[in-house]
Amino acid sequence: MNPAVHGAIIAAHQRAKEEETNLAKYSKEDLDGWEFKIVRSNSNRFNTPENLRMLCIEEARNGWELLEKFDGSRVRFKRRTDRRAPGNSGSIDPYRTHVGISEGAIAAIVISVIALIIGVVLIITQIAR
């Protein structure tokens, strides 16, 4: 990977982490009895109101409440610690932090498309000879 692109990606991830930390200005009293999590998506799926609504419904099954939406790819939830179920009461992992397509799947798709394009170009150049 190009070092400049790699550096830009790392910087973007650091800015996102700093934003999440800076927006979480809670006092000791605010934190007492609560737990928090951030759910992420690699495809900005939370920009669609229906997708955000479905996420909130799924998370509510395990006691999570929407706290804030950072952007189309990050949403923070909270829940009372006494709402923890002894087992997995919902159909989803109550501590999941990612929904949608994974970074690995995105990378595999990109690599496959690039390989396909290279293959097509090679075939076309062979036919043209």
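The values are calculated or read from the model by the stated rules, or taken from the named source; none is laboratory data. Predicted, not measured: the structure shown is a model, and the values here were computed from it. Because the Cβ atoms are built from the backbone with ideal geometry, glycine has one as well, and the counts that use them run over all protein chains shown. Accessible surface areas use protein heavy atoms only, side chains included; no ligands, DNA or RNA. Shrake-Rupley method; radii C 1.70, N 1.55, O 1.52, S 1.80 Å.
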* If you go through the stretch 43-56, how many residues are open to solvent by 60 Å² or more (accessible area, probe 1.4 Å) and of a type outside the set (D, E)? -> 8
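So that you can scan it fast, the table gives a plain yes or no per residue for (1) open to solvent by 80 Å² or more (accessible area, probe 1.4 Å); (2) within 21 Å of the chain's Cα centre (by Cα):
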| site | (1), (2) |
| --- | --- |
| R83 | yes, no |
| I92 | no, yes |
| Y95 | yes, yes |
| G100 | no, yes |
| E103 | yes, yes |
| I106 | no, yes |
| V110 | no, yes |
| I117 | yes, no |
* To do: Select from the stretch 63-81 the residues that are free of Cβ contacts under 8 Å to residues at least 40 places away in the same chain, within 17 Å of E35 (Cα to Cα) and open to solvent by 30 Å² or more (accessible area, probe 1.4 Å) and list them in ascending order.
  => E65, L66, L67, K69
